[in-house]
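Following: one structure in structure tokens, then a few remarks.
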Amino acid sequence: MTGSPRPVAADPVSAPRSPARGFPLGTLAYAALVAVAVFLAATTPFSGYVLNILMQAATYAIAVIGLTVVLGLCGQINLAQAAFFGIGAYAVGLGTVDLGISFWLCLPIGLVLALILGAVLGASTLRLGGHYLAMVTISFQQILTLIMINWIPVTHGPDGVPNIKRPGLFTDGQSYLALCVLVLAAVAYAVWRMPKTRLGRAMRAVRDNELAAGVTGIDIYRTKVMAFAIGALLAGLGGGLFAGSFTYISPDQFSFAESVVFLTMALLGGVGSPVGAVIGTGLLILIPEWLRFLKEIPGLYLAIYGLAVILIVVFMPEGIWGFLGDQVKRLRPRKAAPRAQDLTLTQDAATAAPVLEVEGLSKHFGGLKAVDEVSFTVTRGGIHALIGPNGSGKTTTLNVLSGLYTPTGGRLRLNGRDITRFAPHQRAGSGLGRTFQNIRLFRSMSALENVVIGAERPGNGIVAHDRASLEARARAALAFVGLEARADEPISSFSYGHQRLVEIARALAGNPVLLLLDEPAAGLNSSEKVALTALLRRMAAKGLTILIIDHDMTLVSDVASHITVLNFGRRIADGVTATVLREPAVIEAYLGQESTEGPGAGLKTDLAPA
């Protein structure tokens, strides 16, 4: 926890932006590669059998890329991808055959249906999570399969839908394959870019740590629903193109078994990237073709096929592309990071004005009154400490303040605004920042990416799509805590103490009105605590208002100007630090009896374990 910032007299939020640049070389190279692939697909004389294999691979890959969004980016299980694939396929099939509608009209209809049903399914089930979510998606898949089979007047039942029409310019298989390849390339590029967007970062944050995502201003539920809807939309797109590929569809092509196949393709290639989705899809479609010569030997074909999949999953847990990506990262030279600018915190200059007003706050867990009618006020500027022995209700109070717990009673006002019923992301948007005793960082991201998410807090004054300003703000926050040089390193490479600093930097990047620090000294050695004390003083000197919980009374007495003391969920003292630490009730709460060594003597050392 060492290092100091190099101040520069500039505000990263208002710093001039770099001039717009043209398309990156990587994008131009990708466009050229796509053009070549489309040209080859349209002109290479494939046999009808090979054409079918390639069209299946292209359309399946689009649906599997949908799983990259919902599972790879957002971490939500979807075992109904084949159902949404079928919705797109049946929209095209029934529209072109029974209704005589143009393919170009039927395809958007299928996309809208898949999007709506995906959003509805997600909105009604994503609060469950885990295996419950998996069960619900399986049930949806089974219900839709039964509808396809038994609603014969509409779906044609088990006989399926033949003679599906392709669009006018793509009636032959060769040109239709080129269309599928072009759509696949466009979808893959969009999803490849998604992790660098605000929505993509929000999805990754939700996947890595939902609690941390909420307190940094991310609407967790909305993000999950959007990921689920986008995944369903891409499945519907793949299904609509699949229907035109084979000009025939039937219910067995969209069963639960196909959802398992889609999931296996995603996991095999690497669920975190659309490239992995394409690789996994290609392998699971091509491996059976490569092993066709073994089908004459009963059981051998399936044994080798299953063994190949198992070996890849066991020895490449991140998938084939994930394994290759790790090797490339080790060889890639590290780029020189731009010099960070000074961190600015936009705070109201008025002093003694209340920032946080807590009135009669209570939180009961059944008969246990963890917090019982606690009231206190945090005034603007400086550091306010909330202390008490273990089990006194400090962390519960902080969880209620940040919206992780719903209060049983009482009222909270931040800058005069009632936030009692606000969700965590809404409180973050109002200016409430938070760190945790048990560090909660986004483990799949670099330090810079973690802090950028903090800088994206709604109301921070930075335009969401202004990537340069966001990164400048994030680098300034990292420089403020002494970690500017390690901004691009993965979180896994940081020590415990430095991870604590990254979490603080993430909160600072959001320019909070009030920062809640939950046991920031927990797990730190003596030298790190000294550095933390200096950091807290610099933060207060910047005008930031801090509410801190910590058991280290030396740190608390050194930095806090005001202290509120809790015991058994109730407030027992509140006032100026020097006065509160000498009150008999406070000494008794910590020592079990009044100290014989003089008022507050025992409170200058750690009285409770971290």
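Read-outs throughout are calculated quantities, based only on the coordinates presented, and are distinct from any laboratory measurement. Quick caveat: nothing in here was measured; it's all calculated off a predicted structure. Note that we place each Cβ from the backbone using ideal geometry, even for glycine, and neighbour counts take in every protein chain shown.
Applying both filters, DSSP loop and at most 14 other Cβ atoms within 10 Å, to the chymotrypsin sites (Phe, Trp or Tyr not before Pro) of segment 88-157 gives Trp151.
Compared with the alpha-carbon gap, the fully stretched path from Leu128 to Arg222 is longer by 32.4 nm at 0.36 nm per residue. Estimated purely from DSSP H runs of n ≥ 4, each contributing -39500 (n - 2.57), the mean residue ellipticity at 222 nm for the chain is -16500 deg cm²/dmol once divided by its residues.
FRET efficiency for the Glu588 to Thr344 pair, using the beta carbon distance and R₀ = 56 Å, is estimated at 0.80.
Once the chain from Tyr49 to Asp418 is taken as fully extended at 0.36 nm per residue, the excess over their C-alpha distance is 126.2 nm. Rounded, prolate or oblate for segment 18-108? Axes are the square roots of the Cα gyration tensor eigenvalues, ordered a ≥ b ≥ c, and the cut-off for rounded is a/c under 1.5. It is oblate, given that a/c is not under 1.5 and a/b is not larger than b/c. With kT/(6 pi eta Rh) evaluated at 37 °C and eta = 0.692 mPa s, and Rh the Kirkwood radius from Cα pairs, the chain diffuses with a coefficient of 121 µm²/s according to Stokes-Einstein. Tell me the angle of helix 173-193 to the major Cα principal axis of the chain, expressed in degrees between 0 and 90 and rounded to the nearest ten. That helix lies at roughly 0 degrees to the long axis.
Length gained on full extension, Val36 to Asp172: 47.0 nm, using 0.36 nm per residue less the C-alpha separation. Take 178-186, 230-238 and order them by the average number of nearby Cβ atoms within 10 Å per residue, most first; the result is 230-238, 178-186.
What FRET efficiency would be calculated for the residue pair Phe315, Met135, taking the C-beta separation as r and a Förster radius of 30 Å, to the nearest 0.05? E(calc), rounded to 0.05, equals 0.50. Spin-label pair Ile152-Leu99: with each label point 7 Å from Cα along the Cα-Cβ axis, the two points sit 2.4 nm from one another.
Amide H of Leu566: which non-local residues (sequence gap of 5 or more, or other chain) have their own amide H closer than 5 Å, using H built in the peptide plane? So Leu566 has HN proximity to Ile387, Gly388, Ile572. When exposed loop sites are taken as trypsin sites (Lys or Arg not before Pro) in a DSSP loop with at most 16 other Cβ atoms within 10 Å, the longest stretch of the chain clear of them is 128-294. Model label points for Ser526 and Arg443, set 7 angstrom from Cα along the Cα-to-Cβ axis, are 3.3 nm apart. If you plug the beta carbon distance of Lys542 and Glu359 into 1/(1 + (r/R0)^6) with R0 = 30 Å, you get a FRET efficiency near 0.55.
Sort segment 110-261 into rounded, prolate or oblate with this rule: let a ≥ b ≥ c be the square roots of the eigenvalues of the Cα gyration tensor; rounded if a/c is under 1.5, and if a/c is not under 1.5, prolate when a/b is larger than b/c, oblate otherwise. It is oblate, given that a/c is not under 1.5 and a/b is not larger than b/c.
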